[in-house]
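The values are calculated or read from the model by the stated rules, or taken from the named source; none is laboratory data. This one's a predicted model, so the numbers in the text were calculated from it and none came from an experiment. With ideal geometry, Cβ positions are generated from the backbone for all residues, glycine too; neighbour counts draw on all protein chains shown. What goes into the accessible areas is simple: the full protein's heavy atoms, side chains included, and nothing from ligands, DNA or RNA. Shrake-Rupley method; radii C 1.70, N 1.55, O 1.52, S 1.80 Å.
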Amino acid sequence: MSQIPSRALLEPRAPAGAVPAATAPAGQRVLVVDADPDRAGSLTAQLRRHGHDPVGVGHGSAALQAYEDVEMVLLDLDLPDLDGLEVCRALRAVSRVPIIIVTSRRSELDCVLGLHAGADDYVTKPYGFRELMARMEAVLRRTRWEPEAARDIRRGRLHIDVDSREVRVDDEPVALTRKEFDLLCLLASQPDTVIPRKQLLQQVWGDSWSRRTIDTHVSSLRGKLGGNGWVVTVRGVGFRLGTG
């Protein structure tokens, strides 16, 4: 006899016998990240025929700029500008958007690396479209029923409210520009990690940056937060969040 999972007993929003909305995820806005235009076009056409609203991009940097308006990401790993694993880690650092890696890398190690990078599922090419649809439904079902992660980031005297995009130090408000906030939020989401300069540039600025862009914003951010210790430079690598 099958048993009802213990989590189902604790979930009042899913009555017995009810079918979760995610089992028929019509009209999802899906970001397709694939460098091959023919392959991407075929997949987006299939998704559109099944009622979805797909958006295709061929570069990792473009994906890092487009993810905010989508409900799922289908991510190839072989991209011309960034490795797909790097893109996956960057997306997962700042977003809970469901990510399915769709790739020709078939080894067990590749799959493990993809899941460790933050992917919700891993599909190898060639695949059946019905299988991909089923995996999309399963991922949406899991992610929609998961409780939301905390949207407050606290680091000593620093408090970041991600939803309202408000920053306080010692409970005093700090006025930041949009890019300054995005930079700080990315650093604060991985407080003990040195984030490479290239990743910061690609994720915060995409293709719109110059050689001095990040240095200028780091300097401004330090001044507004009240000290150089909030953003630590690791020479030759990148930056990490400090403690003020």
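Could you identify the single residue in GLY114, GLY118, GLY84 that is touching a Cys at 6+ places or on another chain (Cβ under 6 Å) and touching a residue at least 24 places away in the same chain (Cβ under 8 Å)?
GLY118
Where the second residue is open to solvent by 20 Å² or more (accessible area, probe 1.4 Å) and of a type outside the set (D, E, K, R) and the first is outside any helix (DSSP H, G or I) and at pLDDT below 80 and lies in the stretch 188-216, which pairs have Cβ atoms under 6 Å and are six or more apart or on separate chains?
GLY206/GLN65
Return only the number of the condition from (1) out of contact with any Ser or Thr (no Cβ under 7 Å at 6 or more places or on another chain); (2) within 25 Å of TYR67 (Cα to Cα); (3) crowded, with 19+ Cβ neighbours inside 10 Å; (4) at pLDDT 85 or above that PHE239 does not satisfy.
So the condition that PHE239 fails would be (1).
In this structure, does LEU140 turn out to be within 16 Å of the chain's Cα centre (by Cα), assigned by the TED database to the domain that holds ALA66 and surrounded by 13 or more Cβ atoms within 10 Å (Cβ to Cβ)?
yes
Looking only at the stretch 129-147, decide whether some residue is among the β-branched types (Val, Ile, Thr), outside any helix (DSSP H, G or I) and touching a strand residue (DSSP E or B) at 6+ places or on another chain (Cβ under 7 Å).
No: zero hits.
When you look at ILE195, is it within 21 Å of VAL234 (Cβ to Cβ) and among the β-branched types (Val, Ile, Thr), yes or no?
yes
Could you list, in sequence order, all residues of the stretch 73-120 that are assigned to a helix (DSSP H, G or I) and among the aliphatic types (A, V, I, L, M)?
Matches in the stretch 73-120: LEU85, VAL87, ALA90, LEU91, ALA93, VAL94, LEU109, VAL112, LEU113, LEU115.
Do the conditions hold for LYS224, that is, is it at pLDDT below 90 and out of contact with any Lys or Arg (no Cβ under 8 Å at 6 or more places or on another chain)?
No; evaluated as a whole, the condition is false for this residue.
Can you tell me which of (1) open to solvent by 70 Å² or more (accessible area, probe 1.4 Å); (2) modelled with pLDDT under 90; (3) closer than 24 Å to ARG29 by Cα is the one ASP182 doesn't meet?
(1)
Every residue in the stretch 38-65 that is open to solvent by 30 Å² or more (accessible area, probe 1.4 Å), free of Cβ contacts under 8 Å to residues at least 60 places away in the same chain and either within 30 Å of ARG197 (Cβ to Cβ) or of a type in the set (Val, Ile, Thr) (or both), please.
Of everything in the stretch 38-65, those that are open to solvent by 30 Å² or more (accessible area, probe 1.4 Å), free of Cβ contacts under 8 Å to residues at least 60 places away in the same chain and either within 30 Å of ARG197 (Cβ to Cβ) or of a type in the set (Val, Ile, Thr) (or both) turn out to be VAL55, GLY56, HIS59.
In the stretch 165-182, is there at least one residue being assigned to a helix (DSSP H, G or I), within 19 Å of SER61 (Cβ to Cβ) and hydrophobic (A, V, I, L, M, F, W, C)?
no
Which of the residues that make up the stretch 191-226 are open to solvent by less than 20 Å² (accessible area, probe 1.4 Å) and over 29 Å from VAL57 (Cβ atoms)?
LEU225
Return the only residue of ASP120, ASP83, ASP171 being outside the structural domain of ASP34 (by the TED database) and of a type outside the set (Gly, Ala, Ser).
ASP171
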